[in-house]
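The values are calculated or read from the model by the stated rules, or taken from the named source; none is laboratory data. None of the values given here were measured: they were computed from a predicted structure. So basically every Cβ, Gly included, is an ideal-geometry build from the backbone, and we count neighbours across all protein chains shown. Each accessible area value is taken on the protein alone, full model and side chains, heavy atoms only, with ligands, DNA and RNA left out. Shrake-Rupley method; radii C 1.70, N 1.55, O 1.52, S 1.80 Å.
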Amino acid sequence: MLETLARWCFRRRKRVLLSWIAGFIVLVALGAAGGGPFSTDFRIPGSESKEALRILEERFPERAGDTISVIYEAEAGVTAPGVRERVEKLIAQFDRVEHIVGTVTPYSPEGAGNISPDGKIAFASLQLDIQGTDLPIELTKAMIEDAEEASGGGVRFELSGQAVQQAEFVNGGGEGPGFLAAMVILLISFGSVLAMGLPLLSAFVGIGIGLAILQLLAHLIEVPDFSPIVAAMVGIGVGIDYALFIVTRYRQSLRTGHGPEEATVVAITTAGRAVLFAGLTVVISVLGLLLMGLPFMQGVALGSAGCVLVTMLASITLLPAMLGFAGANIDRFKVPFVSSDEGDHRSGFWFRWSRLVQRRPWPAFLGGLIVLLVLAAPMFSLRLGFPGDETQPTERTTRRSYDLFAKGFGPGFNAPLVMAAELPAGNPGNGAALARIEKRLAEEEGVAKVVPAQMNPAGDTAVLTAFPTTGGQSEETEKLVGRLRDTVIPEAAAGSGIEVHVGGPNAGFIDSNTVIADRLPLFIAVVVGLSFILLMAVFRSVLVALKAALMNLLSIGAAYGVLVAVAQWGWGKDLFGISATGPVASFIPMMMFAILFGLSMDYEVFLLSRVREEYVRTGDNGLAVADGLAATARVITAAAAIMIMVFLSFVLGPELVIKQVGLGLAAAIFIDATLVRMVLVPATMELLGKANWWLPPWLDRLLPHVGFEGASQEAAPEVPPPAPPTPEPAGTAAR
């Protein structure tokens, strides 16, 4: 089928190219004009924080919305006459903004306690009738500008809240440097401007269409605001890599005497087939995120999978058409002083390297394993959370607001806990019971302040707000929420019939952390299991698939360790523009696992498919491993370098979440493409010998035959069941 498709696209290249261009223009225009809104709601359905929000929305809508805090510092003191007039003028201006339904200032009875002990810092609260993430960004940005204009003359105003966080979020910032780095690496790899341009063009078209589809998906499902960045990261990486593998195989076929059409067919039926299976593995891994049952991850999963699918389709349809236009001139416009001739791979460095590893497989295996385990060690200190205002750049009002709150009142005032209390209807003792709960909350260690309860007009619901003494990212705050839910509130409310649900944004993040940690093992098991089955079907081997799964787990664990060392421990954080240490965003480990497990399988498929071809042809396991590694090492190194540079380019952006994702992905690809692919794979395959290709007959009958062209499974030598691996005597690997 791939041969037929390759010939059809090659011969009808004008029609194929025009179809892709038309589809690109239409979908990008639709996405830009009719794309849905992105979401920043990370609450988990069925969690206590979500239940608290539901109760308030149904019974007390005036208090169901988020708040925006206006904090200010005055050198003369916040009660000075001139200062008070300026504050009240700004608050009155904000009070006219749509969706702001109430204000509390430090000068009103409700705002008692909103002034710091030294009298120089105070804050006002603006009550919204919607969630902060639903407030139009242009309104919030206008408020930020108003606060900046009102500042000066010894008074400084800052804003905070989810609406402000959303308005200051920067959606992008790394695509340009990533593409530029890819251009340089492709030029070095191919030595030709024309050959360099084909992978970039294929990736650009695929990513443009994929992101447009993601924008349209936002009308149907929740799509987090960081989804386009993640999808772009993955799409750029795989789009360029897939085209790189196919163009490389095309050029090799031309050099062996094939004409352009036959070279295209060879490239698509070998490297193109590997692209399909590698891409399918990525899609399976990413779609595994849907098993987590987290609404906010649906957009990440479907968006990333969509980008990969589109780039896969472009690689096996658009790219053959463009190869038809390039023909035998693929190496035109050569770059001076850059050689594109790969020559005889057996005379190159990578063949000699593989033989060196194969002569001493045990030291190579144990040395590589020790390095991976050392890198993975910090993973056991991994702490999940969500980056708060204290991790933002100091140029943002949210960060400056955090600093003022921490200076005047303590870090916990940035992490209020909003509690929804369900009251027995018509019970005259509700007020006294609420007072007991308030008193007990105020006495609890770790609680800095409790705002008196407010009842709704019906008298069946009340809102209490407690400020912890520690910040939202602190382990102490997380433990406090657990104590309030498990013991403090149930004991204080015993016998009153009142049921209190602890909610608010920070409690929501804590709930997300708990759910993700509970479901992560199942997610990992499903993704690894499906990928294991797919690899067995592709390579007709139990041990090759098992080895690939285990090594990928080790490389991902090492990437987690690097992320913890930088983001949590602060090792080298300044190199990546990280201003403050803190927990790893709760969704990043599962997202990293989904993406990395799929991407690392890419290199496994491309390397082992070539090894399998050589083994079927020669029946010599050691020589097949050396030939396969030598034939693919240059292109895998270039592909990995492209992905690393693409991922690192996103670290240049201001968003900590994106920095963490980019750093983790770059570290994992580097580890996987060097230590795993170039050391552990040849060492373990040498140790296992012909047992690498063992597959029980009963399992062979159950698995579908999806091998690679040129690597017919029927042509493979008989492989006995595996025996305990023993290293070959020195010198045998060089036979």
#### Entry: Residues within region 88-127 that are in a helix (DSSP H, G or I), under 27 Å from residue 411 (Cβ atoms) and in contact (Cβ under 8 Å) with a residue 40 or more places away in the chain, tallied
2
### Task
Tell me, yes or no, whether region 227-246 has at least one residue that is closer than 27 Å to residue 137 by Cα, of a type outside the set (A, V, I, L, M), touching a residue at least 24 places away in the same chain (Cβ under 8 Å) and open to solvent by 20 Å² or more (accessible area, probe 1.4 Å).
yes
### Query
Do we find that residue 543 is under 30 Å from residue 612 (Cβ atoms), over 27 Å from the mean Cα position of the chain (by Cα), touching a residue at least 12 places away in the same chain (Cβ under 8 Å) and open to solvent by 30 Å² or more (accessible area, probe 1.4 Å) in this structure?
yes
## Note on the structure
With the first residue restricted to region 378-398 and required to be touching a residue at least 60 places away in the same chain (Cβ under 8 Å), and the second required to be among the acidic types (Asp, Glu) and crowded, with 23+ Cβ neighbours inside 10 Å, Cβ contacts under 7 Å at 6 or more apart or on different chains are 397/158; 398/389
### Query
Out of region 394-406, which residues are under 24 Å from residue 507 (Cα atoms) and open to solvent by 30 Å² or more (accessible area, probe 1.4 Å)?
399, 400, 402, 403, 406
### Query
Do any helices (runs of 4 or more DSSP H) lying entirely in region 259-341 carry at least 2 residues that are more than 35 Å from the chain's Cα centre (by Cα), and which ones are they?
260-267, 319-326
### Summary
How many residues of region 182-199 are open to solvent by less than 20 Å² (accessible area, probe 1.4 Å) and of a type in the set (A, V, I, L, M, F, W, C)? The answer is 6
### residue 282 vs. criteria out of contact with any Phe, Trp or Tyr (no Cβ under 8 Å at 6 or more places or on another chain), open to solvent by less than 10 Å² (accessible area, probe 1.4 Å) and in contact (Cβ under 8 Å) with a residue 40 or more places away in the chain
yes
### Query
Take the residues of region 209-224 that are open to solvent by less than 20 Å² (accessible area, probe 1.4 Å) and out of contact with any strand residue (DSSP E or B) (no Cβ under 7 Å at 6 or more places or on another chain): which is farthest from residue 269 (Cα to Cα)?
218
### Task
Residues that are free of Cβ contacts under 8 Å to residues at least 60 places away in the same chain and out of contact with any His (no Cβ under 7 Å at 6 or more places or on another chain): find the strands (runs of 3 or more DSSP E) completely inside region 434-504 holding 3 or more of those.
447-455, 461-468
### Matching residues in region 128-139 - criterion: being crowded, with 18+ Cβ neighbours inside 10 Å and not in a loop (DSSP other than H, G, I, E, B)
128, 132, 133, 134
### Message
Let me spell it out: the conditions are (1) outside any helix (DSSP H, G or I); (2) surrounded by 18 or more Cβ atoms within 10 Å (Cβ to Cβ); (3) modelled with pLDDT of 90 or more, and residue 65 meets all of them except one. Which number is the exception?
### Response
(3)
